[in-house]
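Comments concern the structure below.
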Amino acid sequence: MRVDLFTIFPGLLEAVGSESLVGRARRSGLLDLRIHDLRSATIDPRRSVDDTPFGGGAGMVLAPGPVFGAVEAAQPPRPLFLLGPGGRRLDQALVRELADRGSAPGEGFSLLCGRYEGVDERVADHLVDDELSIGDYVLAGGEAAAFVVVEAVARLVPGVMGNEASAGEESFSDGLLEYPQYTRPAEFRGWPVPEVLRSGDHARVARWRRAQALARTLARRPDLVEARGGLSDDEVRLLAEHGYSAVSPRSPEEPPRREPHRPRRS
Ligand code: SAM
């Protein structure tokens, strides 16, 4: 899969893009990540990419010249997304859509990182295909957002994750949050791992996990349950078997949610 990134801080993206899962995917040839410096298309000696906003106001705006120049020189895979808080919100369905785009060699997508107060609107109007946001908050630049997109997509590219099965069971893969996970030791500071997970009974474990995923999603993200059309009769029965009511899904087995951390006064 080819992914092209456009930024004024190529070093930042090279650094995060050379480590861990994304770095391994690049080295193994599964991910062809190309990072382009927007300054490469500047024509003035100071290599400036920004200018003051027409109409006045605070800050600077990324100028159209360097952006059009860098994109036209690179001929990146489309769609090209401008990253920005006003764009289409990234979710797992969109991540999957982007991962599926890379099924043929050279295919993929591209991301343009804004900076300053944003990017000249003619880039949105005449160069990019769409706009993409990673959430309702404002970052200083698109680089952190670009890496979020790249990492989320890369882990769905076949062969990138060691255990292909794990992506299929994760949060959002079927509209639910994932069940709780535990590892050794079986008891830590007096808190035991649920007995069913040590029973060796795979069918029981699978039912417990499904019930936990349903209960957790109902408690924390009822909007997800609603979006998948509510609960089936089987799911309501499964919840009841595990001590949950579909209306009030918290069971005595599940520990109370922690309060947000408050610093201690000295
Ligand atoms: N003035 C802009 C506004 O109010 O919408 C915010 C500009 S922000 C300081 C600079 C750049 O960071 C944006 O052009 C965009 O590329 C990136 N950015 C900020 N928040 C983002 C988000 N939630 N998702 C994706 N990119 C974001």
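Could you size up the charge dipole of the stretch 2-154 around its Cα centre, putting +1 on the beta carbon of Lys and Arg and -1 on that of Asp and Glu, and report it in debye to the nearest 20?
440
First check a/c for the stretch 39-82, with a ≥ b ≥ c the square roots of the eigenvalues of its C-alpha gyration tensor; if it is under 1.5, answer rounded, and if not, answer prolate when a/b is larger than b/c or oblate otherwise.
In terms of gyration-tensor shape, oblate.
Measure off 7 Å from each Cα along the Cα-to-Cβ vector at Glu14 and Arg88, then give the distance between these two points in nanometres to one decimal.
For the pair Glu14/Arg88, the computed spacing is 3.2 nm.
Just the number please: accessible area per residue for the chain, 1.4 Å probe, all protein chains included, in Å².
That works out to 59 Å² for each residue.
Take the Cα pairs of the stretch 75-190, get the Kirkwood Rh, then feed it into Stokes-Einstein at 25 °C and 0.890 mPa s and tell me D in µm²/s.
Taking Rh from Cα pairs, D becomes 152 µm²/s.
Suppose every K and R has +1 on its Cβ and every D and E has -1 on its Cβ; what is the size of the dipole of the stretch 1-90 about the Cα centre, in Debye to the nearest 20?
Once rounded to the nearest 20, the dipole reads 360 debye.
Nearest 20 debye, what's the magnitude of the dipole of the stretch 13-63 about its Cα centre given +1 on Lys and Arg Cβ and -1 on Asp and Glu Cβ?
Result for the stretch 13-63 is approximately 240 debye, rounded to the nearest 20.
Whole Å is fine, so just give me how far the alpha carbon centre of the stretch 119-140 lies from that of the stretch 48-104.
Taking the Cα centre of the stretch 48-104 as reference, the centre of the stretch 119-140 is 5 Å away.
How far, in nm, would the chain grow between Arg78 and Glu117 when pulled straight, counting 0.36 nm per residue and subtracting the alpha carbon separation?
Going from the current span to full extension adds 11.5 nm.
Among Pro64, Gly108, Leu31, whose Cα projects farthest towards the positive end of the dipole of the stretch 2-154, with charges put on the beta-carbon of Lys, Arg (+1) and Asp, Glu (-1)?
Checked the options; the winner is Leu31.
Give me the percent of the accessible area of the chain that comes from carbon and sulfur atoms, probe 1.4 Å, all protein chains in place. Let's see the in-between values first.
Details: 8080 of 15780 Å².
Heavy-atom surface of the chain belonging to carbon and sulfur, 1.4 Å probe: 51 percent.
The values are calculated or read from the model by the stated rules, or taken from the named source; none is laboratory data. Since this is a predicted model, take the numbers as computed values, not measurements. Virtual Cβ from ideal backbone geometry, glycine too; neighbours counted across all protein chains shown. Surface accessibility is based on the protein's heavy atoms, side chains included, excluding ligands, DNA and RNA. Shrake-Rupley method; radii C 1.70, N 1.55, O 1.52, S 1.80 Å.
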